[in-house]
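The values are calculated or read from the model by the stated rules, or taken from the named source; none is laboratory data. Keep in mind it's a predicted model, so treat the numbers as computed, not measured. FYI the Cβ positions are ideal-geometry reconstructions off the backbone, even for glycines, and counts take in every protein chain you see. Only protein heavy atoms, including side chains, enter the accessible area calculation; ligands, DNA and RNA are left aside. Shrake-Rupley method; radii C 1.70, N 1.55, O 1.52, S 1.80 Å.
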Amino acid sequence: MTKLDWVTRDIQELKNAGRYVPIRSLQSSQGAWVTIDGKRILNLCSNNYLGFANNPEVKKAAIDAIEKYGVGAGAVRSIAGTSEVHNRLEKKVASFKHMEACLSFQGGLLANSGTLPVLVGKDDIVFSEELNHASIIDGLRLSSSKRVVYRHLDTEDLRKQLKEHRKEGIRALIVTDGVFSMDGDIAPLPEIAELGIEHDAMVYVDDAHGEGVLGDHGRGIVNHFNLAGKVDIEMGTFSKAIGSMGGFVAGSSDLVDLLKQRARPFLFSSALNPGDAAAVLKSIELMEKDDTPIRMLWENAARLKKGLQDAGFDTGRSKTPITPVMTTDEKKTVELSKMLYQDEGLLASPIVYPTVAQGTARIRLMPSALHSAEDIKYAVDALRHSGARLGLL
Ligand SMILES: *Cc1c(COP(=O)(O)O)cnc(C)c1O
């Protein structure tokens with residue numbers, strides 16, 4: 001017996017329950033095809049929606065910034081870690097989003113967990129959507145605020161909860177994912193924004209899967225719904241469509257000013273590397289200039305959904321390129337993903353409980369602008385063969 005025997009026991013328990021996730025490593029850059037274990041595999045798992053993770057111009061911007069500023073920021077933002085690249089990036093994001101100001105973070109997770117505790121505290125109340133991302137839940141836990149969870153996409157439930165509980169907090173906040181990562185459905189943000197105004201509650205949207213995907217030139221969900229000025233805080237990530245690393249919060253100049261004084265990841269964790277900041281800046285410039293990759297992404301998404309539906313699969317309620325293939329049975333879903341990888345050379349992630357509710361297991365496919373029509377057909381054929389073998393069709 002040692003003090004750490006429990007670690008071994010926990011791992012064994014995860015394995016017994018079929019919930020232990022083995023970690024694959026890539027031997028190539030991100031792209032439509034990747035190399036794993038020396039094999040070329042069609043990749044329908046990455047959030048690299050627009051292909052910026054390996055875009056030559058984006059890489060060049062990072063390399064140039066590394067030449068000029070080095071690889072590390074050297075300190076937290078408030079001491080000596082703020083580079084002029086951070087400032088340029090934040091100005092660019094604010095103007096791209098049509099918001100007054102922006103603050104960048106080292107990741108989307110840190111943007112949420114750092115900002116939410118500044119917005120609300122123990123005397124305040126938060127109305128949080130049922131399927132919100134883990135980083136929102138973490139941020140709310142750190143805030144010690146009172147929490148009410150409202151039902152997924154259900155503005156009637158939100159209205160009811162606001163009526164019942166709004167007065168329990170001095171300040172109130174409604175927080176929601178913009179695009180839900182497991183289903184690809186979209187928050188009813190116009191109604192949520194109205195409810196925020198009606199009940200004097202700040203509105204915060206996490207647009208991690210909406211940027212580069214929704215709105216004019218990928219400006220995101222607020223632009224998609226024409227809600228400029230009605231959503232108080234837009235949070236996002238630089239690690240998905242933007243292709244690099246980092247996160248941000250956009251809002252009023254005063255809010256950003258306050259975050260610089262109080263957000264713990266800004267004050268207590270070293271700044272985003274200048275090379276990453278420069279890469280992000282370049283990606284946004286490319287998005288502003290040309291929306292061809294966004295149109296290609298949506299074309300591929302439509303092609304993929306149609307192919308799967310024609311083959312007899314249920315692709316759920318997605319309104320975005322995120323494409324769930326509803327397989328429902330947990331064991332068969334894990335088996336299907338294995339079969340797709342080993343026999344068909346297709347990387348497609350199985351999503352099972354507890355990530356999604358029991359009985360709603362699925363394979364989640366993430367098409368990108370980089371995939372060709374042949375790639376999409378290859379994926380549909382692979383799913384058709386393997387699905388038939390497992391009796392799912
Ligand atoms: C991915 C994601 C995040 C975290 O972003 P990172 O930059 O990867 O830390 C936060 N919120 C949502 C909804 C996400 O999908």
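Before moving on, here are some points about what is shown:
- When the Cα convex hull of the stretch 286-329 is projected onto planes of every orientation, the mean area is 3.6 nm².
- The stretch 262-373 - Kirkwood radius from inverse mean 1/r over Cα pairs (Å): 16.8 Å
- Using θ = phi - 60° and Karplus 6.51 cos²θ - 1.76 cosθ + 1.60, couplings along the stretch 204-214 (whole Hz; Gly, Pro as x): 10, 10, 9, 9, 3, 9, x, 5, x, 10, 9
- Share of carbon and sulfur in the accessible heavy-atom surface of the stretch 56-289 [1.4 Å probe, %]: 52 percent
- Cα-based convex hull volume of the chain per residue, rounded to whole Å³: 165 Å³
- Accessible area in square angstrom per residue, the stretch 215-305, 1.4 angstrom probe: 41 Å²
- Using the Cβ-Cβ distance between Lys319 and Val76 with R0 set to 30 Å, the FRET efficiency works out to roughly 0.15.
- Extending 7 Å from Cα along the Cβ direction at Lys289 and again at Ile63 yields two label points whose distance is 1.7 nm.
- Efficiency of FRET between Gln261 and Arg9 - r from beta-carbon atoms, R0 45 angstrom, step 0.05: 0.50
- Under the Karplus curve 6.51 cos²θ - 1.76 cosθ + 1.60, θ = phi - 60°, whole-Hz ³J(HN,Hα) for the stretch 355-366, x wherever Gly or Pro sits: 5, 10, 4, 4, x, 10, 4, 7, 9, 10, 10, 10
- Whole-Hz couplings from phi, Karplus 6.51/-1.76/1.60, listed for the stretch 134-141; x for Gly and Pro: 3, 6, 6, 4, 4, x, 5, 4
- Exceedance of the 21 Å cut-off in Cα-Cα distance is limited, within the set Lys59/Lys377; Lys240/Lys332; Lys305/Lys377; Lys97/Lys230; Lys91/Lys289, to Lys59/Lys377; Lys240/Lys332.
- Straight-line cross-link reach from Lys122 at under 14 Å between alpha-carbon atoms covers these aspartates and glutamates, not counting any fewer than eight positions away in the same chain: Glu168.
- Computed [θ] at 222 nm, helices only, for the chain once each DSSP H run of length n ≥ 4 contributes -39500 (n - 2.57): -13500 deg cm²/dmol
- Hits among aspartates and glutamates - C-alpha to C-alpha of Lys306 under 16 Å, sequence gap 8 or more where chains match: Asp314, Glu374, Asp375, Asp381
- Selection of trypsin sites (Lys or Arg not before Pro), the stretch 228-324, meeting DSSP coil and at most 16 other Cβ within 10 Å: Lys230, Arg317, Lys319
- Taken over the stretch 56-289, the ratio of Cα radius of gyration to 2.2 N^0.38 Å equals 0.98.
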